[in-house]
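Peer 1: First the structure, which I've put down as structure tokens, then a few questions once you've had a look.
Throughout, read-outs are computed from the coordinates displayed, never taken from laboratory work. Since this is a predicted model, take the numbers as computed values, not measurements. Here Cβ is always computed from backbone atoms with ideal geometry, including for glycine, and neighbour counts include all displayed protein chains.
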Amino acid sequence: MTAKRGMDSASRLPTNTYLWPLKRYTEMYRRSLDEPEAFWAEQARKLDWFKTWDRVLEWRLPYARWFVGGKLNVSFQCVDRHATTWRKSKVAIYWEGEPGDTRVLSYSTLFREVNHFASVLKRLGIGKGDKIALYLPMIPELPIFMLACGRIGAVYTVIFSGFSPQAIADRVNDTQAKVIITADGGYRRGKTVKLKELTDEAVKLCPSVEKVVVIKRTGEAVPWTKGRDIWLSSLLDEPHEPVAPEPVEATHPLYILYTSGTTGKPKGIIHSTGGYLVYNHSTYQWVFNAREESVFWCTADVGWVTGHSSIVYGPLSHGAAIVIYEGAADYPTLDRWWNIIEKYGVTILYTSPTAIRMFMRSGEEWLKKHDLSSLELLGSVGEPINPEVWQWYYKNVGREMCPVVDTWWQTETGGIMISPAPGIEPIPLKPGSATLPLPGVDAAVVDASGKELPPCHTGYLVIKRPWPGLLLDIYGNPERYREAYWSRFPGVYYTGDFAMRDEDGYFWVLGRADEVLKVAGHRLGTAEIESAVISHPAVAEVAATSRPDAVKGQAIVLFITLKEGNSPSDALRKDIIKHVRQTIGPVATPSKVYFVQSLPKTRSGKIMRRVLKAVASGESIGDITSLDDETSVAEAKRAYQSLKKTQGGV
Ligand code: WT7
């Protein structure tokens with residue numbers, strides 16, 4: 001491959017077929033479905049195993065168990081393997097703090113630190129299978145602790161540092177974590193976020209927590225609970241010895257990550273060690289076509305799955321150099337990212353449509369101040385990317401020389417599922433389409449009865465067989481696991497997304513088909529937002545929906561009826577918004593609140609969400625014939641009209 005790996009420029013791509021058939025991709029894809037076990041065994045052999053598996057796959061619907069009987073260790077794969085070769089002096093992590101401080105960790109430094117942190121965990125009494133929570137800013141200690149947990153077989157859950165005490169407590173209580181690791185604070189847009197104070201609030205609601213380990217980041221004074229709180233530095237100062245990597249079963253849980261669903265309570269997605277790692281090791285190479293010299297920057301927060309798979313496990317399992325930036329993209333100025341790309345010679349940039357839309361709005365002059373010629377490939381993830389945003393990214397960030405990989409996946413899928421794979425074979429790109437499924441991914445678009453649709457029909461995106469990155473289960477809730485993913489269409493995995501497959505077989509993922517919103521790429525359930533709103537003392541009833549937002553993709557809109565004795569006011573509106581921020585976190589900030597006399601409901605009492613969504617988006621309700629079984633069209637229209645009248649008023 002040449003330096004600027006040749007995928008055909010999108011501008012030369014009016015239609016479809018001139019590069020077909022794709023030879024390498026087609027062969028590999030076909031083999032992955034014809035002989036899945038041989039195919040995945042071949043991939044798995046690229047990792048080092050302490051013990052080879054007995055069986056590649058045990059598939060007992062709805063549970064898939066990969067590489068059964070095999071033993072491995074994730075920190076060995078991501079660190080030791082490289083620290084014992086010439087890569088020991090290769091950069092593993094280029095880290096930059098928001099205030100401008102920097103740290104560079106080689107693989108041998110990472111090796112030492114992971115060992116050191118693993119010894120700290122052991123001293124805290126943490127061992128294989130124990131749960132701990134990480135509530136940290138984007139500092140090197142976060143991936144180091146993740147790897148240290150993997151080293152001893154402990155199971156961690158990362159809690160996004162933008163979450164509020166109630167959201168932290170819900171997650172900690174669900175996992176029953178004994179230890180929380182946090183920091184005095186973190187930097188965000190020049191201000192500090194007081195993480196220790198937020199942790200203290202949360203811990204009041206968490207009886208399982210015995211110890212709070214605190215990392216010094218901002219140096220600000222923090223409240224202290226004697227006997228419970230410990231500075232990391234004091235633990236690191238104690239004598240320690242290297243910690244041998246614990247060989248764990250391939251099916252041993254690596255982490256639990258909470259994500260929103262259609263109920264008020266987030267789901268604890270459990271990922272495995274072996275299948276998950278094999279899947280991310282393979283897909284990182286296929287999608288990003290990385291070279292030894294690549295400098296890979298995934299801008300996601302480690303609090304989301306992208307930060308697990310695409311910051312830590314995919315790249316580090318390959319011995320790649322990664323970039324981690326702590327703070328906001330527009331701080332102190334809108335060229336912070338472009339400055340980082342130039343400074344570290346980033347070759348692969350993996351980010352979200354929301355971020356690209358923000359930069360697009362602020363104009364190209366910020367980009368022009370920097371030399372971005374190191375870039376070779378661009379990626380997008382988290383929500384559909386509008387074709388014009390794709391084009392802007394391709395033209396202005398990629399100088400029309402870098403392929404754009406639009407990667408579709410989910411917290412539950414563990415790794416990238418549908419995406420161009422220039423590491424297998426360059427393909428013609430279509431802006432707005434995630435293109436083709438990766439090897440082993442048996443994706444299809446079906447109608448409401450589960451029948452596969454002909455090309456160019458919109459339906460539900462499903463995956464017809466398990467792949468190694470598939471979640472193990474929902475923590476403590478196997479019924480919900482079966483219900484959420486395997487019951488809508490029996491025997492196949494339901495993604496919750498609407499999609500269309502065109503005549504070339506390219507997938508166009510259009511958005512969620514369920515009650516889940518994507519706000520700035522973050523997943524939020526309407527039920528979760530509603531349960532936060534309803535806990536406000538003035539609120540009688542609430543329905544959360546969304547309207548399109550030029551930067552964030554979707555913005556949250558609330559329709560609220562008040563309890564007797566309360567009247568609509570601007571102050572109350574602000575108070576409700578504040579309440580939601582305090583309960584879930586700033587990610588869930590509602591952008592609009594409508595106070596209404598009543599919510600439109602069907603005769604059986606279900607809220608007519610489509611009507612609300614149409615009102616919130618300023619659209620007409622249009623085709624509502626399939627609205628809901630018990631809703632008459634006339635009824636919905638009446639509700640729509642009466643709500644339209646309230647819109648805008650307090
Ligand atoms: C949902 C999953 C994947 C890691 C980050 C988000 C939407 C994701 C794309 C894309 C269109 C996308 C889907 C999916 N989504 N990537 N390339 N094109 N939609 O993980 O929070 O679990 O959200 O994000 O709706 O179901 P997540």
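Peer 1: Given 5 Å bins starting at zero, what is the percent of C-alpha pairs of segment 108-201 in each, up to the one with the largest pair distance?
Peer 2: With a bin width of 5 Å, the distribution comes to 3, 14, 25, 22, 19, 12, 4, 1.
Peer 1: A further question on this structure: What FRET efficiency comes out for the pair ALA244/GLN641, r = Cβ-Cβ distance, R0 = 60 Å, nearest 0.05?
Peer 2: Approximately 0.30, to the nearest 0.05.
Peer 1: Using a Cα-Cα cut-off of under 14 Å, which aspartates and glutamates could be cross-linked to LYS90, ignoring same-chain neighbours fewer than 8 residues away?
Peer 2: ASP80, GLU292, GLU293
Peer 1: In percent, what relative contact order does the chain have, based on Cα pairs under 8 Å that are 6 or more apart in sequence?
Peer 2: Result for the chain is 13 percent.
Peer 1: Still on this model: Using only the Cα atoms of segment 428-548, construct the convex hull and provide its projected area averaged over every direction, in square nanometres to one decimal.
Peer 2: 10.0 nm²
Peer 1: May I ask you to give the average projected area over all directions of the convex hull of the Cα atoms of segment 403-467, in nm² rounded to one decimal?
Peer 2: Directional mean of the projected Cα hull area for segment 403-467 stands at 5.1 nm².
Peer 1: Provide the FRET efficiency to the nearest 0.05 for the ALA448-ASP237 pair, computing r from the beta carbons and using R0 = 56 Å.
Peer 2: 0.35
Peer 1: Looking at segment 40-124, which chymotrypsin sites (Phe, Trp or Tyr not before Pro) are DSSP coil and have at most 13 other C-beta atoms within 10 Å of their C-beta?
Peer 2: Passing sites in segment 40-124 are PHE50.
Peer 1: Sticking with this structure for a sec: Rounded if a/c is under 1.5, else prolate if a/b is larger than b/c, else oblate: which is the chain, with a ≥ b ≥ c the root eigenvalues of its Cα gyration tensor?
Peer 2: The shape class here is rounded.
Peer 1: Have a look at segment 516-646 and give its Rg and Dmax from the Cα atoms, expressed in angstrom.
Peer 2: Cα only, segment 516-646: 14.4, 39 Å (Rg, Dmax).
Peer 1: Here is a follow-up. Counting Lys and Arg as +1 and Asp and Glu as -1, each charge on the Cβ, what is the dipole of the chain about the Cα centre in debye, to the nearest 20?
Peer 2: Its charge dipole is roughly 540 debye.
Peer 1: Follow-up. Please give the length that would be gained between ASP54 and LEU510 if that part of the chain were fully extended, namely 0.36 nm times their separation in residues minus their C-alpha to C-alpha distance (nm, one decimal).
Peer 2: 160.1 nm
Peer 1: Take peptides 343-351, 212-220, 359-367 and line them up by average Cβ neighbours within 10 Å, highest first, as a rough protection proxy.
Peer 2: For the peptides 343-351, 212-220, 359-367, the packing ranking is 343-351, 212-220, 359-367.
Peer 1: On to the next question. So how do THR259, THR199 line up by other beta-carbon neighbours within 10 Å, fewest first?
Peer 2: THR259, THR199
Peer 1: Is there a pair in LYS88/LYS369; LYS451/LYS613; LYS613/LYS645; LYS343/LYS368 whose C-alpha atoms are over 25 Å apart, and which pairs would that be?
Peer 2: The answer is LYS88/LYS369; LYS451/LYS613.
Peer 1: Distance from the Cα centre of segment 199-250 to that of segment 402-449, in angstrom?
Peer 2: 40 Å
Peer 1: Separation between the LYS23 and SER620 pseudo-spin-labels, each 7 Å from Cα along Cα→Cβ, expressed in nm?
Peer 2: 5.4 nm
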